[in-house]
Each structure stands twice: as C-alpha cells, then as structure tokens.
Amino acid sequence: MRIPPMVPLRAIREAHGLTSRDVAARMAELGHQVHPDSVLNFENGYPASRAMANAYAHAVGLTAVDVRRAAELRELMDAADASTLTPARESA
C-alpha cells in the first residue's frame, strides 16, 4: 500500500481562506467548543481527542481519516498490508 501524500493541516485551512477563528467557529457549530489557539496547537501536532480531530476535519472540508496522525495511518496501512498478504482460508 502506498503512503498518501502528507499536507500540513494549516496549509489546507489557509487554502480554504480560513483563519483559526473561522475553524473554531465552524467546530462550535458542530457542537465542539474550542479556542482558536487549540486549532493552531492541533495543526502543529499537539495531541487532540478523536472528537476534536473529527470536528476539525468537517470544519475544513476533510474526512476524519485525512487528519489522522502519521503513526495511526502507518498502523492502519500495516494492518491492511498484512490482511492482503495473508492467504484466505478455503471453507470446508
């Protein structure tokens, strides 16, 4: 499996013409109250809850899988690779 290209979240936000305040406001509309600084911290790699990551993704027009951490993506891809390499059992 190929590793998808990594694009900084801030670059995606800025490409949409959004500020961290805009994203925080959109996240609030989705029921997830955050300070704009928390948005910046998340974009800079600080840990965040899965709920925050999902709300951020929706606020900037991404899917939740697009904002997963590199380690999480690696685990998912390794699992997918392992399942494709494991021969299927024939049912008796």
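Could you please let me know if V34 is part of a loop (DSSP other than H, G, I, E, B), among the hydrophobic types (A, V, I, L, M, F, W, C) and surrounded by 12 or more Cβ atoms within 10 Å (Cβ to Cβ)? Give the steps one after another, and end with the answer.
Working: part of a loop (DSSP other than H, G, I, E, B): yes; among the hydrophobic types (A, V, I, L, M, F, W, C): yes; surrounded by 12 or more Cβ atoms within 10 Å (Cβ to Cβ): yes.
Criteria met by V34.
Do any residues in segment 31-53 that are among the acidic types (D, E) have Cβ atoms under 9 Å from those of residues that are outside any helix (DSSP H, G or I) and modelled with pLDDT under 95, where the two are at least six apart or on different chains, and which pairs are they?
Final answer for the pair search is E43/P8.
Residue by residue through segment 16-50, note down the ones that are modelled with pLDDT of 90 or more and hydrophobic (A, V, I, L, M, F, W, C).
L18, V23, A24, A25, M27, A28, L30, V34, V39, L40, F42
The values are calculated or read from the model by the stated rules, or taken from the named source; none is laboratory data. All values reported here derive from a predicted model rather than from experimental measurement. All Cβ positions, even for glycine, are placed from backbone atoms using ideal geometry, and neighbour counts span all protein chains on display.
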